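Read-outs: derived from the displayed coordinates by stated rules, not from any lab. The model shown is predicted, which means the values in this text are computed figures rather than measured ones. Neighbour counts are summed over all protein chains in view; Cβ atoms, including those assigned to glycine, are modelled from backbone coordinates with ideal geometry.
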Ligand code: CDP
């Protein structure tokens, strides 16, 4: 079984995807971490995120086992990720890895949960259950601000809102694999929901999709 979870920045996709994967003992892939890792490699090389040649090479040489989970979570890396993610060859370089993960999940898991922007539309259009998780921009920014503050960031909430909104705009407006709900996605707005309630609603939808 493949479960696709898409949505804008800081919508709570990761928390939900992890909880769903745990519940069913499925494998979980945070596809945003792949774009973040490419962006991180570009920045480490001293290049601009807009440098296509460097970004493409980083995507082609990406070693998933070497991704630094802490270093890729910074706002600079997030912003750069949405720049490299608009490059068609960068997306192409990591497409097969994502599809293979979905179709033959590691550790013989009976299913996979992938979260990102284009899982239900491009990576796994055949997914058994598709969720599009969203929340109002101010709420998403507040959640991300709390998260960043917890890891020592001094960014203001207004700055985080500006960053998140700019990234959403780039992700929605790009020509290739833009952020948008699949036609058959279940729309889950978590603005006024607790994590538990969002999880229950997602679960009810998934149980109904299992056939
Ligand atoms: O955690 P957050 O929701 O802030 O973002 P993320 O899922 O880590 O994704 C970082 C960036 O990678 C996004 O802003 C997108 O530009 C890009 N991305 C993408 O283009 N396609 C995906 N399937 C996943 C992420």
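A compact table of results
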quantity: Linear extension gain, residue 169 paired with residue 153, 0.36 nm per residue minus alpha-carbon span; calculated: 3.4 nm
quantity: Rg/Rh for region 26-74, where both radii come from Cα atoms and Rh is the Kirkwood radius; calculated: 0.98
quantity: Residues 144, 73 arranged by fewest to most Cβ contacts within 10 Å; calculated: 73, 144
quantity: Proportion of all alpha-carbon pairs of region 97-210 beyond 25 Å (%); calculated: 34
quantity: Spacing of the two label points (7 Å from each Cα toward its C-beta) at residue 194 and residue 176, in nm; calculated: 4.4
quantity: Spin-label pair residue 207/residue 18, simplified geometry with 7 Å Cα→Cβ offset, distance in nm; calculated: 2.4
quantity: Whole-angstrom gap from region 146-211 to region 67-89, using each part's C-alpha centre; calculated: 17
quantity: Mean residue ellipticity (222 nm) of the chain, computed from DSSP H runs ≥ 4 via -39,500 (n - 2.57), nearest 500; calculated: -16000 deg cm²/dmol
quantity: Of 25, 151, 165, the one that fluctuates the most in a GNM where the chain has Cα springs shorter than 10 Å; calculated: 151
quantity: For peptides 12-18, 155-161, sequence by mean Cβ density within 10 Å, most packed first; calculated: 12-18, 155-161
quantity: Share, in percent, of DSSP beta bridges within the chain that are antiparallel, nearest 5; calculated: 0
quantity: Ranking of 176, 142 by count of other Cβ atoms within 10 Å, fewest first; calculated: 176, 142
quantity: Gaussian network model of the chain, Cα within-10 Å springs - most flexible of 152, 46, 116; calculated: 152
quantity: Euclidean distance of C-alpha centroids, region 1-42 and region 94-109, integer Å; calculated: 13
quantity: Computed P(r) (all Cα pairs; the chain; 10 Å bins; percent); calculated: 9, 35, 38, 17, 1, 0
quantity: Surface/4 estimate of mean projected area, convex hull on alpha-carbon atoms of region 48-140, nm²; calculated: 7.5
quantity: Region 150-208: C-alpha gyration tensor shape, a/c 1.5 cut-off, then a/b vs b/c; calculated: oblate
quantity: Mean separation of Cα contacts under 8 Å (6+ apart) over length of the chain, as relative contact order %; calculated: 33
